[in-house]
Amino acid sequence: FCTNHSECWGIMSMTNLKSIVSEIKSCMPPETLFSQKDAELFIKNKELLISVGEDLVKGFYSVVLSHEKTKSIFHKDEIAMRAEDLQKWWIASMTGTFDDEYWIWQAYVGVIHVKRGVKNAMMMSMWGWISDFLTENLNKKTDTENAFAIIKAFSRFSATSQALTADTYLETYLTGILKATGFSKTLLNKMVENEINDLAASVSNCSGLNN
């Protein structure tokens with residue numbers, strides 16, 4: 001996890017993350033993307049959002065460290081550092097400039113997830129936890145209308161971030177396979193298609209699904 005965008009840039013350029021980010025975002029209907037209006041709402045409420053950050057980080061790590069599979073991602077001597085990284089990410093995300101460089105930074109998280117063995121199921125479930133946390137806490141700290149608006153904006157922020165992280169994860173994983181095996185992407189796609197066809201045949205043969 002890199003909180004300094006410029007330090008990440010060399011690695012990002014090598015993996016062509018800028019074009020990957022552009023392609024991923026182009027696949028999302030505009031209504032589902034985090035917008036400039038959403039960013040302005042975050043900045044308008046930055047003191048409120050930053051105020052819940054400490055409890056968010058504590059709760060986040062309480063959850064991931066209570067489950068063996070998510071706990072196994074971390075080394076014992078790095079948990080405090082990773083918690084500090086999450087705190088920095090939260091502050092940067094709630095008060096930052098949501099330009100192309102920011103979203104490239106978010107996509108870079110997908111690359112790090114491959115390296116650390118973080119599964120998309122782990123990532124997406126914790127995004128859900130953060131959303132639940134915000135829903136509960138914002139309704140205690142601001143009026144209902146403002147809380148609802150922030151939560152809707154956060155939903156789009158979450159969807160955009162998850163799309164970038166998950167698809168960059170997949171793209172990085174596939175690129176690694178292609179480089180390691182020397183396969184062409186056409187051949188790999190054909191192999192995947194064959195696997196899907198085998199799975200579909202297996203599912204269609206299940207008696208419970210034929211009825």
Item to complete: Check the range 166-186 and report whether any residue there is under 17 Å from the mean Cα position of the chain (by Cα), among the small types (Gly, Ala, Ser) and either surrounded by 11 or more Cβ atoms within 10 Å (Cβ to Cβ) or more than 24 Å from Glu23 (Cβ to Cβ) (or both).
Response: yes
Worksheet item: Of the residues that make up the range 123-136, is at least one touching a residue at least 24 places away in the same chain (Cβ under 8 Å), open to solvent by 30 Å² or more (accessible area, probe 1.4 Å), closer than 25 Å to Phe74 by Cα and under 10 Å from the mean Cα position of the chain (by Cα)?
Response: yes
Worksheet item: Cβ-Cβ below 7 Å, separation at least six or inter-chain, first residue in the range 71-97 and more than 16 Å from Val109 (Cα to Cα), second open to solvent by less than 20 Å² (accessible area, probe 1.4 Å) and of a type in the set (A, V, I, L, M): which pairs?
Response: Lys71/Val64; Met94/Leu49
Discussion item. Just to check your reading of the model, which residue among Arg82, Arg156 is among the basic types (Lys, Arg), surrounded by 12 or more Cβ atoms within 10 Å (Cβ to Cβ) and under 20 Å from Val21 (Cα atoms)?
Written reply: Arg156
Worksheet entry | Hey, Val114 of a type in the set (A, V, I, L, M, F, W, C), part of a helix (DSSP H, G or I), open to solvent by 40 Å² or more (accessible area, probe 1.4 Å) and under 27 Å from Ile20 (Cβ atoms) or not | yes
Worksheet item: Residue check: is Ser93 in a helix (DSSP H, G or I), open to solvent by less than 30 Å² (accessible area, probe 1.4 Å), under 14 Å from Phe157 (Cα atoms) and out of contact with any Asp or Glu (no Cβ under 6 Å at 6 or more places or on another chain)?
Response: yes
Discussion item. Just the residues that are open to solvent by less than 80 Å² (accessible area, probe 1.4 Å) and more than 28 Å from Leu17 (Cα to Cα), please, taken from the range 65-79.
Written reply: Leu65
Worksheet item: Do we have any residue at all in the range 99-108 that's among the aliphatic types (A, V, I, L, M) and surrounded by fewer than 16 Cβ atoms within 10 Å (Cβ to Cβ)?
Response: no
Worksheet item: What is the residue count in the range 38-56 for residues that are of a type in the set (Lys, Arg) and in contact (Cβ under 8 Å) with a residue 40 or more places away in the chain?
Response: 1
Practice prompt. Find all pairs meeting these conditions: Cβ atoms under 6 angstrom apart; at least six residues apart or on different chains; first residue within the range 155-167 and on the phi > 0 side of the Ramachandran plot; second residue crowded, with 19+ Cβ neighbours inside 10 Å.
Written response: none
Discussion item. Looking only at the range 21-33, how many residues end up being over 14 Å from Ser155 (Cβ atoms) and open to solvent by 30 Å² or more (accessible area, probe 1.4 Å)?
Written reply: 6
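The values are calculated or read from the model by the stated rules, or taken from the named source; none is laboratory data. Keep in mind that this is a model prediction, so the values were computed, not measured. Virtual Cβ from ideal backbone geometry, glycine too; neighbours counted across all protein chains shown. We work out accessible area using only protein heavy atoms, side chains counted, and drop any ligands, DNA or RNA first. Shrake-Rupley method; radii C 1.70, N 1.55, O 1.52, S 1.80 Å.
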